[in-house]
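Undergrad: I am attaching a structure below and will ask some questions about it afterwards.
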Amino acid sequence: MFDVVYFSSVSENTKRFVEKLGYSSIRIPLKSEEAASFTHESESVLVVPTYGSGDDNNTVPKQVIKFLNNPANRKHVRAVIATGNTNFGSSYGLAGDLVAAKLGVPLLYKAELLGTPDDIEQVRERLEQLWLTR
Amino acid sequence: MEKIKLVSRPVNWNKIEDPIDMDVWNRLTSNFWLPEKVPISNDIQSWETLKPHEKTLTMHVFTGLTMLDTIQGTIGAAALLPDARTPHEEAVITNIAFMESVHAKSYSSVFSTLCSTADIDEAFRWSEDNPHLQKKAEIILGYYNGDDPLKRKVASTLLESFLFYSGFYLPMYWSSRAKLTNTADLIRLIIRDEAIHGYYIGYKYQLALAEETTARQEEMKGYTYDLLLELYDNEIKYTADLYDGMGLTEDVKKFLRYNGNKALMNLGYDPLFPKDECDVNPAILAALSPNADENHDFFSGSGSSYVIGKHESTTDDDWDF
């Protein structure tokens, strides 16, 4: 199975979502300079929370941008999963849309906050399927 | 309420103890808005197409929301201040308090634009007499005035992330039928703010909870689910009072359960209501998340997201004609 590479702020909502998935996971460091030198060079899916609302430069967490600035990290990302909150309207999970489009990989799923049991089940199913057809 | 402790140190924003304080402050201030900037008067024609009972329902819903925002803007946020962990958190809470007062005032803008004084007075009277609305205020105020800081945070998060939604449903419903679309734009700004408030207070709750004993953590978990269910029972009655006449009660209840689950998640707990009881009407979800290019007419001057004009610094290249 893919490694789950994710970013989660100190509030750790995304971390808890990822832990519920139950796959091996690696957290992108919180400190930007560490995120910039952090490498992960095996097939992965990237889980990304959304900050900001698309009309500023903060929508994708800067640590994720640092991580993706390294082409070696970038080329192993097979799909993206977004966490967010529908309260943010059209910017719900927007970081996922932006990163997936830039990488040219599918956005597999958008989940709210920590994810419901149904979200977890659906994400697992889609990951298994993607793993088999890769 | 406890006496607010004397501030003994000035807030230094160059020394951040908790990065979430800074993130949330930036997010809240960049989302700042005022109701005067939303062209509610473009809804006057649409308002006149509503039947009398639909108008009454809308006004009752908005006075109910006004009441919650009033509580949160005055007592609610002030009740959280003594427990702030950092001076920056105190600043964020005062921002939250101010925005709640902006929200409360924005319903009055809608009223004064669309309704007569007599109708407005009747709606406010209704809100003071409705037992279920009074009860929800009573339950929350009981904790705000109580002496348990963790329970105050839970009550506050449930207000921000759950109790508003019996009201928020209606403008989203109207919006899905292309009615009161400018009012819906204003409500979406409130919904966006409440998400950040619920996230932030829920996060601070989890920090404080982590320092407690296992027994106390268990107690708080039980308390949180019990309080949600107590409020939910009352919300069901409130919802029936409001929406039975329109036949929408069951649809609203799905929206309540969906948001109840999100409120629990903001507090770090697993959702309670199963998936098939939270299958919110897709038209309502779509109304929450309109595409900027399709939800408003060209002349309304208002989109799904209200944007304050941006500036960009000039660079030398700009002068290279």
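Undergrad: As an exercise: evaluate A:ALA36 against (1) open to solvent by 70 Å² or more (accessible area, probe 1.4 Å); (2) farther than 28 Å from B:LEU267 by Cα and give the number of the one condition it does not meet.
TA: Going through (1) open to solvent by 70 Å² or more (accessible area, probe 1.4 Å); (2) farther than 28 Å from B:LEU267 by Cα one by one, A:ALA36 breaks only (1).
Undergrad: Also, quick follow-up: Would you tally the residues in the stretch B:225-259 being of a type in the set (Gly, Ala, Ser) and closer than 11 Å to B:SER166 by Cα?
TA: Of the residues in the stretch B:225-259, 1 are of a type in the set (Gly, Ala, Ser) and closer than 11 Å to B:SER166 by Cα.
Undergrad: Let me ask something additional. Could you please let me know if B:LEU209 is touching a helix residue (DSSP H, G or I) at 6+ places or on another chain (Cβ under 9 Å), open to solvent by less than 10 Å² (accessible area, probe 1.4 Å), under 23 Å from A:ASN13 (Cβ atoms) and of a type in the set (A, V, I, L, M)?
TA: Considered against the rule, which asks whether it is touching a helix residue (DSSP H, G or I) at 6+ places or on another chain (Cβ under 9 Å), open to solvent by less than 10 Å² (accessible area, probe 1.4 Å), under 23 Å from A:ASN13 (Cβ atoms) and of a type in the set (A, V, I, L, M), B:LEU209 comes out as no.
Undergrad: Can you confirm whether the stretch A:16-23 contains a residue that is of a type in the set (Lys, Arg), within 14 Å of chain B (Cβ to nearest Cβ) and surrounded by 15 or more Cβ atoms within 10 Å (Cβ to Cβ)?
TA: Step one: filter the stretch A:16-23 for residues of a type in the set (Lys, Arg), giving A:16, A:20.
Of the ones still in play, those that are also within 14 Å of chain B (Cβ to nearest Cβ) are A:16, A:20.
Filter once more, keeping what is surrounded by 15 or more Cβ atoms within 10 Å (Cβ to Cβ): A:16, A:20.
There is at least one residue in the stretch A:16-23 that is of a type in the set (Lys, Arg), within 14 Å of chain B (Cβ to nearest Cβ) and surrounded by 15 or more Cβ atoms within 10 Å (Cβ to Cβ).
Undergrad: Hey, among the residues in the stretch B:9-23 that are without any contact (Cβ under 8 Å) to a residue 24 or more places away in the chain and more than 13 Å from B:ARG85 (Cα to Cα), which one's nearest to the other protein chains (Cβ to nearest Cβ)? I'd like the intermediate steps shown before the answer.
TA: Taking the stretch B:9-23 first, the residues without any contact (Cβ under 8 Å) to a residue 24 or more places away in the chain are B:14-15, B:19, B:23.
After this cut, where a residue has to be more than 13 Å from B:ARG85 (Cα to Cα) as well, the list is B:14-15, B:23.
Numbers: B:ASN14: 18, B:LYS15: 17, B:ASP23: 7 Å.
Among those that are without any contact (Cβ under 8 Å) to a residue 24 or more places away in the chain and more than 13 Å from B:ARG85 (Cα to Cα), it is B:ASP23.
Undergrad: Can you pull out every residue in the stretch A:78-94 that is part of a helix (DSSP H, G or I) and either hydroxyl-bearing (Ser, Thr, Tyr) or touching a Cys at 6+ places or on another chain (Cβ under 9 Å) (or both)?
TA: Answer for the stretch A:78-94, where residues must be part of a helix (DSSP H, G or I) and either hydroxyl-bearing (Ser, Thr, Tyr) or touching a Cys at 6+ places or on another chain (Cβ under 9 Å) (or both): A:THR86, A:SER90, A:SER91.
Undergrad: Answer yes if at least one residue in the stretch B:98-107 is more than 20 Å from B:ILE40 (Cβ to Cβ) and open to solvent by 10 Å² or more (accessible area, probe 1.4 Å), and no otherwise.
TA: Among the residues of the stretch B:98-107, at least one is more than 20 Å from B:ILE40 (Cβ to Cβ) and open to solvent by 10 Å² or more (accessible area, probe 1.4 Å), which makes the answer yes.
Undergrad: Restricting to the stretch B:26-74, name every residue that is away from chain A (no Cβ under 14 Å), within 30 Å of B:ILE93 (Cβ to Cβ) and either surrounded by fewer than 17 Cβ atoms within 10 Å (Cβ to Cβ) or in contact with a strand residue (DSSP E or B) (Cβ under 7 Å, 6 or more places away or on another chain) (or both).
TA: If the condition is that a residue be away from chain A (no Cβ under 14 Å), within 30 Å of B:ILE93 (Cβ to Cβ) and either surrounded by fewer than 17 Cβ atoms within 10 Å (Cβ to Cβ) or in contact with a strand residue (DSSP E or B) (Cβ under 7 Å, 6 or more places away or on another chain) (or both), then B:LEU34, B:GLU36, B:LYS37, B:THR74 are the ones that fit.
Undergrad: So, restricting to helices (runs of 4 or more DSSP H) that lie completely within the stretch B:169-279, which ones have at least 3 residues that are within 14 Å of chain A (Cβ to nearest Cβ)?
TA: On the way: elements: B:181-210, B:214-243, B:249-266.
The helices (runs of 4 or more DSSP H) meeting that bar are B:181-210, B:249-266.
Undergrad: For residues that are within 14 Å of chain B (Cβ to nearest Cβ) and over 11 Å from the mean Cα position of the chain (by Cα), scanning just the stretch A:96-116, find the one that is surrounded by the most Cβ atoms within 10 Å (Cβ to Cβ).
TA: Going through the qualifying residues, I end up with A:LEU113.
Undergrad: Right, another one. For the stretch B:1-111, which fully contained helices (runs of 4 or more DSSP H) count at least 3 residues that are among the hydrophobic types (A, V, I, L, M, F, W, C)?
TA: B:19-30, B:52-71, B:77-80
Undergrad: Show the residue pairs that are 6+ apart or on different chains and have beta-carbon atoms under 9 Å apart, the first residue being within the stretch B:235-251 and open to solvent by 60 Å² or more (accessible area, probe 1.4 Å), the second being among the basic types (Lys, Arg).
TA: Taking only residues 6 or more apart or on different chains, the pairs are B:LYS237/B:LYS135.
Residue-by-condition table, conditions (1) surrounded by 16 or more Cβ atoms within 10 Å (Cβ to Cβ); (2) of a type in the set (Gly, Ala, Ser):
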| site | (1), (2) |
| --- | --- |
| A:ALA82 | yes, yes |
| A:LEU94 | yes, no |
| A:ASP118 | no, no |
| A:LEU132 | no, no |
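Undergrad: Then there is this: Take B:GLU128 and decide whether it is free of Cβ contacts under 8 Å to residues at least 12 places away in the same chain, more than 30 Å from B:TRP33 (Cβ to Cβ) and open to solvent by 80 Å² or more (accessible area, probe 1.4 Å).
TA: Numbers: free of Cβ contacts under 8 Å to residues at least 12 places away in the same chain: yes; more than 30 Å from B:TRP33 (Cβ to Cβ): no; open to solvent by 80 Å² or more (accessible area, probe 1.4 Å): yes.
Taking the combined requirement at face value, the residue does not satisfy it.
Undergrad: Sticking with this structure for a sec: Quick one: is A:ILE81 more than 12 Å from every other protein chain (Cβ to nearest Cβ) and in contact with a Leu (Cβ under 6 Å, 6 or more places away or on another chain)?
TA: yes
The values are calculated or read from the model by the stated rules, or taken from the named source; none is laboratory data. In this text, all values refer to a predicted model and were calculated from it rather than measured experimentally. Note that each Cβ is placed from the backbone with ideal geometry, even for glycine, and that neighbours are counted across all protein chains shown. SASA here: full protein model, heavy atoms, side chains in, ligands and nucleic acids out. Shrake-Rupley method; radii C 1.70, N 1.55, O 1.52, S 1.80 Å.
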